[in-house]
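Read-outs throughout are calculated quantities, based only on the coordinates presented, and are distinct from any laboratory measurement. Computed from a predicted model, the values in this text were never measured in an experiment. When we count neighbours, we look across all protein chains shown, and the Cβ atoms used for this are built from the backbone with ideal geometry, even at glycine.
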Protein chains: 2
Amino acid sequence: MAEAIQYKVMEEALRERGVRITRQRQAILSVLAEAQDHPDANELLVRASAIDPSVSLSTVYRTLTVLEENGVVQRLNFEGVPAKFETTNAPHHDHIIDIETGDVIEFRSEKIERLQAEIAAELGYEIVHHRLDLYARRRKHAN
Amino acid sequence: MAEAIQYKVMEEALRERGVRITRQRQAILSVLAEAQDHPDANELLVRASAIDPSVSLSTVYRTLTVLEENGVVQRLNFEGVPAKFETTNAPHHDHIIDIETGDVIEFRSEKIERLQAEIAAELGYEIVHHRLDLYARRRKHAN
DNA sequence: AATGCACATGAGAATGATTTGCAAAAAGAA
DNA sequence: TTCTTTTTGCAAATCATTCTCATGTGCATT
């Protein structure tokens, strides 16, 4: 199972960076490692609580901040909803948000990546990071 | 002055859609018409208050919602800061955010627009709106 | 295995942006 | 002007997120 491996990789990476691995962080980290979706802080609390009931919402938030600072997770700020989180093992990708269901779909386009860099360069900038969110609705008439 | 024209166009568009033009809305609308930057709700309150001191923050927010619903302004949700607003007279464009100064630069790329639509279509979606923000830093070595 | 201390935690209060309830004020149709 | 429907100001309410602080705990070092 890839999740267990991912968990170990993440924990090890954190340890190397001097981040203490607490009971609560283990719970949250393992939830993130197993998540196939994009949970928000509350959802993470629910799932982590099942593993370690002592986890509090404050700690979920604090841990997410630490994980983000250490490059282990990425915070996704979509419009009008609480931030969602995903692990950063997967290579970079952008998101399509289904405006009807709230579902989040990942995609990646080299062409778009390249174009972005070109445009920024033309204007004298170099991209540090970017964010491309497509708010879309499922097409009725299948292609 | 383009602003006065823009103001009239917006007010007329709103009237046609049955939106009441109140004193407060006039103040807010004219501030938006003149703005060369991307003010947030608080800044709009300050500027609108100079025209009509009776404007309250609640009304600024309520008005912005109305204007957005009627396609007259666009809400820009950047990361970690209050929403900024701009009039939608300008054709659609995306933003480069200078992560050092906070400056916002507008740009538009047909190619990117097209690619986005293609990607969404391939996944069975049609884009309702999108958001592309490039967080970048000015290049030291000029091109 | 015990110790020490810097760091992490839980509970709840604090924050900041935005929204909302309500009674009073005003827009626009008649 | 008058009536009806919206809009407004104010303050209180929300909601996600952060912070305070007293207590608990990793983990490097004995």
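Which ³J(HN,Hα) values, rounded to whole Hz and listed in residue order, are derived for region B:11-19 from phi using the Karplus coefficients 6.51, -1.76 and 1.60 in 6.51 cos²θ - 1.76 cosθ + 1.60 with θ = phi - 60°, glycine and proline given as x?
For region B:11-19, the Karplus curve yields 4, 5, 4, 5, 4, 4, 8, x, 8 Hz.
I'd like the orientation of helix A:41-51 relative to chain A: the angle between its Cα long axis and the longest Cα principal axis, in ° from 0 to 90, rounded to 10.
That helix lies at roughly 40 degrees to the long axis.
Long-range amide H contacts for residue B:125: which residues qualify at under 5 Å (H placed 1.01 Å from N, peptide plane, sequence gap of 5 or more or a different chain)?
Placed amide hydrogens put A:139 under 5 Å from residue B:125.
Could you please report the charge total around residue B:112, scoring K, R as +1 and D, E as -1 over all other residues with beta-carbon less than 15 angstrom from its beta-carbon? Present the calculation step by step, with values, prior to reporting the outcome.
Numbers: positive: A:108, A:111, A:114, A:131, B:108, B:111, B:114, B:131; negative: A:94, A:110, A:113, A:118, A:122, A:133, B:94, B:106, B:110, B:113, B:118, B:133.
So the surrounding residues net to -4.
Where does each of B:56, A:58, B:109 land when they are ranked from fewest to most other beta-carbon atoms within 10 angstrom? Could you put the intermediate results ahead of the total?
Details: B:56 13, A:58 10, B:109 17.
Least crowded to most crowded, the residues run A:58, B:56, B:109.
Can you work out which chain A residue has the shortest Cβ-to-axis distance for the rotation that carries A onto B, and give it in Å?
A:132, 2
Using 7 Å Cα-to-Cβ label points, what is the residue A:8/residue A:113 separation (nm, one decimal)?
2.8
Placing the label point 7 Å from Cα along the Cα-to-Cβ direction, what are the distances from residue B:140 to the equivalent spots in the other copies, shortest first, in nm to one decimal?
In nanometres, ordered from closest: 5.7.
Per residue of region A:102-107, in order, report the coupling 6.51 cos²θ - 1.76 cosθ + 1.60 (Karplus, θ = phi - 60°) as ³J(HN,Hα) in whole Hz, putting x for Gly and Pro.
Per-residue couplings from phi come out as x, 4, 10, 10, 9, 8 Hz.
Every other copy gets compared here: list the nm distances from the residue A:36 label point (7 Å along Cα to Cβ) to its counterparts, shortest first, one decimal.
5.4
Under the rule of at least 5 residues apart or a separate chain, name every residue whose amide H is placed under 5 Å from the amide H of residue B:103.
B:98
Could you give the semi-axes, largest first, of the ellipsoid that matches region A:62-143, computed as the square roots of 5 times the alpha carbon gyration tensor eigenvalues and rounded to whole Å?
Values: eigenvalues 107, 93, 26 Å².
Ellipsoid half-lengths, sorted descending, are 23, 22, 11 Å.
If each of residue A:21 and residue A:90 carries a label point 7 Å out from its Cα toward its Cβ, how far apart are those two points in nm?
Going by the 7 Å Cα→Cβ label model, 2.5 nm.
Quick check on chain B: what does the Kirkwood estimate of hydrodynamic radius come out to from the alpha carbon pairs, in Å? The partial results should precede the final answer.
On the way: mean 1/r = 0.0593 Å⁻¹.
That comes to 16.9 Å for chain B.
Which values, in whole Å and largest first, are the semi-axes of the equivalent ellipsoid of the protein assembly as shown obtained as the square root of 5 times each eigenvalue of the Cα gyration tensor? Could the numbers behind the result be given before it?
Numbers: eigenvalues 297, 106, 82 Å².
Result for the protein assembly as shown: semi-axes of 39, 23, 20 Å.
Distances in nm, one decimal, shortest first, from residue A:13 to the same residue in every other copy, taking the label point 7 angstrom along Cα→Cβ.
Computed spacing set for this position: 4.5 nm.
With 10 angstrom as the radius, rank B:134, A:64 by how many other C-beta atoms surround their C-beta, starting from the fewest. List each step's numbers first, then the result.
Numbers: B:134 25, A:64 20.
With the fewest neighbours first, B:134, A:64 line up as A:64, B:134.
Taking only Cα atoms, what is the 0 to 90° angle, nearest 10, from helix A:57-69's long axis to the longest principal axis of chain A?
60
Please go through the residue pairs A:84/A:140; A:111/B:140; A:140/B:84; A:84/A:111; A:140/B:8; A:8/A:84 and name each one whose alpha carbons sit more than 29 Å apart in this structure. Walk me through the numbers on the way to the answer.
On the way: A:84/A:140 27 Å; A:111/B:140 26 Å; A:140/B:84 33 Å; A:84/A:111 26 Å; A:140/B:8 39 Å; A:8/A:84 22 Å.
Check vs 29 Å cut-off fails for A:140/B:84; A:140/B:8.
Sorting A:76, A:44, A:57 on the 10 Å Cβ count, fewest up front, what's the list?
On the way: A:76 17, A:44 24, A:57 12.
By the 10 Å Cβ count, ascending: A:57, A:76, A:44.
Rounded to the nearest 500, what is chain A's calculated 222 nm mean residue ellipticity when only DSSP H runs of at least 4 contribute -39500 (n - 2.57) each, over all residues?
Working: 5 runs with 64 residues, N = 143.
Here the helix-only value at 222 nm equals -14000 deg cm²/dmol.
What is the Cα centroid distance between region A:1-49 and region B:78-110, reported in whole angstrom?
Between the Cα centre of region A:1-49 and that of region B:78-110, the gap is 34 Å.
Which distance in nm do the two modelled labels at residue A:46 and residue B:51 give, with both placed 7 Å along the Cα-to-Cβ direction?
According to this spin-label approximation, the distance is 4.5 nm.
Over chain B, what is the relative contact order in percent, taking alpha-carbon pairs closer than 8 angstrom and at least six residues apart? Please list the in-between numbers first.
On the way: 143 pairs, mean separation 24.2, N = 143.
The value is 17 percent.
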